[in-house]
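Working notes, structure below.
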Amino acid sequence: MDVFEAIANRRSIRAYKNEPVPADALDKILEAARIAPSAGNRQEYKFIVVTDEATRKALVPACNNQTFVGDAGAVIVGCATNPERRYHAVDVAIAIDHMTLAAHALGLGTCWIGAFSEEKVKELLGIPAEVKVVALLPVGIPAREGVVRPRKSKEELFVKERWQ
């Protein structure tokens, strides 16, 4: 799939078949994160790949009871290992965005999860106190297509040279 096609057609998926993500697809998705750029090439992040069904289901209450989190075949938890660094969240976000596009290109769905209890996620997954959980990414086989939402026009979003 062409990268522009993936960008244009990717949607947040909030309904998954409760099936495993094929191992080769998951490997490709993780490779997309591994090769993502980071500030100063520091790569100060770690991703926890949760495939165990009981653990995925246990993440649901930590994610504001968004039940689709537990239905996805995998949940990838993006963590900044040095959150004191200025660009920690951006670096994790770049890697997660690479994963969303890779998953879409492979016919899988994803949905950024930013609404969660960091304390509960850390407790459940044994994440050290000094690590920052930035986002969670359910990955799975879509049970239905994502909703196309309206986008602002180019004129509303972009200006040339100076703020207007």
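The values are calculated or read from the model by the stated rules, or taken from the named source; none is laboratory data. What you see is a predicted model; the values in this text were computed from it and never measured. Every residue, glycine among them, receives a Cβ derived from its backbone with ideal geometry; neighbour counts consider all protein chains shown.
Here are the numbers for this structure:
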quantity	calculated
Count of residues meeting criterion [farther than 12 Å from HIS104 by Cα and part of a helix (DSSP H, G or I)] in the stretch 5-25	2
Helices (runs of 4 or more DSSP H) fully within the stretch 80-164 counting 1 or more residues that are touching a helix residue (DSSP H, G or I) at 6+ places or on another chain (Cβ under 7 Å), surrounded by fewer than 21 Cβ atoms within 10 Å (Cβ to Cβ) and touching a residue at least 24 places away in the same chain (Cβ under 8 Å)	88-105, 118-125
ALA36 being at pLDDT 95 or above, touching a helix residue (DSSP H, G or I) at 6+ places or on another chain (Cβ under 6 Å), over 25 Å from LYS120 (Cα atoms) and not polar (S, T, N, Q)	yes
Options VAL69, VAL49, VAL60; residue that is in a strand (DSSP E or B), farther than 13 Å from LYS122 by Cα and at pLDDT 95 or above	VAL49
Residue list for the stretch 6-21, restricted to those being among the charged types (D, E, K, R) and more than 15 Å from the chain's Cα centre (by Cα)	LYS17, GLU19
